[in-house]
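Here is the structure we will look at.
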């Protein structure tokens, strides 16, 4: 990804080094499954943001130097700025509305959000209560080493997915879905969650399409990096990794195929209208 010459966002809140104590680590399949299946890439943080519950980050990743961490933070700032430029333009041209830029909080270990205590093992998440994205950059090491999804554009996809949730929040989609979830069965509520997450994947693709057209950010292999990341963190793969079998009725984010398919749909079309996951019989 050609990012070094991009502008830096002023909406970065750097809390690294100011982490809250996360309490004793909880080991085993149950804790890992909780972190993987509920919180990875946009899950509702209120479900598992509980003081005293943590899962250690991926232990086999090499140590990252301060210089490397600062370079990654710089990259995050550029990607955030690029999403701002893209969504400001889309909101103005397609919706005739102003885009409210979210803050992105960088933290290490644990931090407080309006949705509760955020912890590194939960992965990135968007909190609608304060309209902020929360990111412990150690997740990028998990993405690279545990999930075999390396590359800067894979990381950019993760950020753009969370910004997709902010777009949904602004459009009122998130609130509508959450209200519906209170009225239906658990299986149907999970299906609504999957559709919400897949739309955020598609919105990430819409960003990439429009950013490429406006600023030529893509390099050879970037799209494949993002598609691989979307696939590697599909519910089916995470469930198989965590417990050795798959239960589709419990999916909350979508299968590997669904996630990569909807991201590609967004990047191919560049149109928000192509991301209506709620208007198709099957996603």
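The values are calculated or read from the model by the stated rules, or taken from the named source; none is laboratory data. All values derive from a computational prediction rather than experimental measurement. Positions of Cβ are generated from backbone atoms using ideal geometry, with glycine treated the same way; all protein chains shown enter the neighbour counts.
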Flag for residue 89 being part of a helix (DSSP H, G or I), in contact (Cβ under 8 Å) with a residue 24 or more places away in the chain and buried (at least 24 other Cβ atoms within 10 Å of the Cβ)
no
Take residue 100 and decide whether it is farther than 29 Å from residue 220 by Cα, surrounded by fewer than 24 Cβ atoms within 10 Å (Cβ to Cβ), touching a residue at least 40 places away in the same chain (Cβ under 8 Å) and touching a helix residue (DSSP H, G or I) at 6+ places or on another chain (Cβ under 7 Å).
yes
Please count how many residues of the stretch 118-168 are in a strand (DSSP E or B) and within 17 Å of residue 82 (Cβ to Cβ).
2
Look through 224, 257 and report the one residue that is farther than 22 Å from residue 122 by Cα and free of Cβ contacts under 8 Å to residues at least 24 places away in the same chain.
224
Among what's in the stretch 103-127 and is within 15 Å of the chain's Cα centre (by Cα) and at pLDDT 95 or above, pick the residue that is surrounded by the most Cβ atoms within 10 Å (Cβ to Cβ).
126
Anything in the stretch 262-282 that is assigned to a helix (DSSP H, G or I) and either without any contact (Cβ under 8 Å) to a residue 12 or more places away in the chain or farther than 17 Å from residue 157 by Cα (or both)? List them, or say none.
273, 274, 277, 278, 279
Within the stretch 128-142, residues out of contact with any helix residue (DSSP H, G or I) (no Cβ under 6 Å at 6 or more places or on another chain) and either closer than 15 Å to residue 68 by Cβ or surrounded by 23 or more Cβ atoms within 10 Å (Cβ to Cβ) (or both) come out as 134, 135, 139, 141
